[in-house]
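A quick write-up on the structure given underneath.
Nothing in this text is a laboratory measurement; each read-out follows from the coordinates by a stated rule. Computed from a prediction, not measured in an experiment: that's the story for all the values here. Reconstructed Cβ throughout: ideal geometry from the backbone, glycine too, with neighbour counts over all protein chains shown.
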Amino acid sequence: MKILKKNQLAILVIAIMLVTAGYLNYTATYKHNQDLLVSSDEGVINVAEIGDAALVNSGDVISSENSILENNSSNNINNDSKENEDESNNDAVKVSSQTIKDDDYFVSSKLERDTMYSQMIYSYTKILENTSISEEQKAISRQEITKINDIKNAIMISENLIKTKGIQNCIIFVNDQSVSVIVCEEEVSQEKIAQIQNIVSRELKSSIENIHIINKKQI
């Protein structure tokens, strides 16, 4: 009987030890899990290390993805805007370059034309100064000087009047009875053609059939 009691006592002690060990192990495990959920200085730390990534910080993941998409969209918009701006600038440069080129043509052509008239007047003036030239030849020279000045004045008036019709670039060349009017417009309407013909015919005393209108844009 005593032996039985001793055995029962030993079993009871072992059982108590096992229960105690199990309790301690459970307590340690619970404490470890709680430590993983302890608040840090920056906020609650979710247990991402345990593998519950699908649920943990899902809002942060979606927010990050949206942020990336927004950044990419913003970059694309900025790039498109920059490309459109570059294309617009390039177009502006092309138009500006073409405009300058056209302006240079009219400026240089008028300069050459006026230089030609000046040289002609100078030549006739030299004839008038030459004592060996007959009076008849001098009379012709005077008539030519007057004619040139009249043409120059008529051309100046015509070009200015044509500008009042909305045509900014215009130059007129007179070759005997033929008159060439060069303009630079995208399109010259029949109404403007008629207006140009009327102005040139009146100021230069030229017939309509001898007036030739040329659009440099279409050359």
per DSSP, antiparallel bridges as share of beta bridges in the range 84-218, % nearest 5, sits at 55
Listed by chain and number, the residues whose amide H is under 5 Å from that of residue 214, excluding neighbours fewer than 5 places away on the same chain and using placed H, are 181, 182, 183
1/(1 + (r/R0)^6) with r = Cβ-Cβ of residue 131 and residue 110, R0 = 30 Å, i.e. FRET efficiency to nearest 0.05, evaluates to 0.25
Per the C-alpha gyration tensor (a ≥ b ≥ c, the square roots of its eigenvalues), the range 84-218 is rounded if a/c is under 1.5, else prolate if a/b beats b/c, else oblate; here it's oblate
Counting sequence-distant residues (5 or more places) and residues on other chains, those with an amide H built under 5 Å from that of residue 169 are 184
Checked against a 23 Å limit on the C-alpha separation, the offending pairs among 147/205; 110/138; 192/217; 110/216; 147/217; 126/152 are 110/138; 147/217
